[in-house]
Amino acid sequence: MDFTIVNIIASLFMSIFQLCINAITLEHIHVPSHVMVGDSVWLNCTYDLQGDELYSIKWYKNSVEFYRYLPKSDPPKPQGFICDGIYLDLSKSTLGNVFLNTTDLNSQGDYKCEVSAEEPSFKTVRKIKPLRVYSNGSSHMIKPSSTLWNGLLIIIIITFTTWKPSNGLSSL
């Protein structure tokens, strides 16, 4: 076999081996398992680049992107996108740490952190965790006026908001 071909093959194997060694890992994501309506929330994503360079960090709720950080953008700053139930505070959010000012019942869902390495690997890792949102319920009393006319038909609609555990979950 020609010496040049052997060198090319060896170089190729070394490159592949190097890509396998420098594999980015997503060590942990923190998403609270449950919160009450109105709570603020920190979402945290811990990763190890293992020699790779960071290309992007993204957060999704139910597969809809709501946060992106690209360190090579000009200027490098977090970006937020409209997503139902997401009340993002970009002034407190940085890298993989995302702050939600408040939550409502629409904030419930599956949250995914996705971290991608820069070239040449462009390896992407992701983890998903659910967030459940509960309401303690509320009721509103409608007080009749002080004067009612005799024979007047009054229709009152009473609405109760109660705990809203997601499918198959029980109340706290």
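What are the residues in the range 91-104 that are under 20 Å from Gly38 (Cβ atoms) and either in contact with a Leu (Cβ under 9 Å, 6 or more places away or on another chain) or touching a residue at least 12 places away in the same chain (Cβ under 8 Å) (or both), if any?
Those that are under 20 Å from Gly38 (Cβ atoms) and either in contact with a Leu (Cβ under 9 Å, 6 or more places away or on another chain) or touching a residue at least 12 places away in the same chain (Cβ under 8 Å) (or both): Ser93, Val98, Phe99, Leu100, Asn101, Thr102, Thr103, Asp104.
When the residues of the range 105-123 are narrowed to those that are assigned to a loop (DSSP other than H, G, I, E, B) and loosely packed, with under 14 Cβ neighbours inside 10 Å, which ends up modelled with the lowest pLDDT?
Across the range 105-123, the extreme among qualifying residues is Pro120.
Can you tell me which residue among Tyr69, Tyr47, Tyr87 is among the aromatic types (Phe, Trp, Tyr) and within 21 Å of Tyr134 (Cβ to Cβ)?
Being among the aromatic types (Phe, Trp, Tyr) and within 21 Å of Tyr134 (Cβ to Cβ) holds for just one of Tyr69, Tyr47, Tyr87, which is Tyr87.
Filter the range 124-137 down to the residues that are polar (S, T, N, Q) and not in a strand (DSSP E or B), then identify the one that is nearest to Leu105 (Cα to Cα).
Among those that are polar (S, T, N, Q) and not in a strand (DSSP E or B), it is Ser135.
Among Glu118, Glu114, Glu27, which is free of Cβ contacts under 8 Å to residues at least 40 places away in the same chain and among the acidic types (Asp, Glu)?
Going through Glu118, Glu114, Glu27 in turn, the sole match is Glu27.
The values are calculated or read from the model by the stated rules, or taken from the named source; none is laboratory data. Bear in mind that the values here come from a model prediction, so they are computed numbers and not experimental data. Methodologically, a virtual Cβ is constructed for each residue, glycine included, from the backbone with ideal geometry; neighbour enumeration extends over all protein chains shown.
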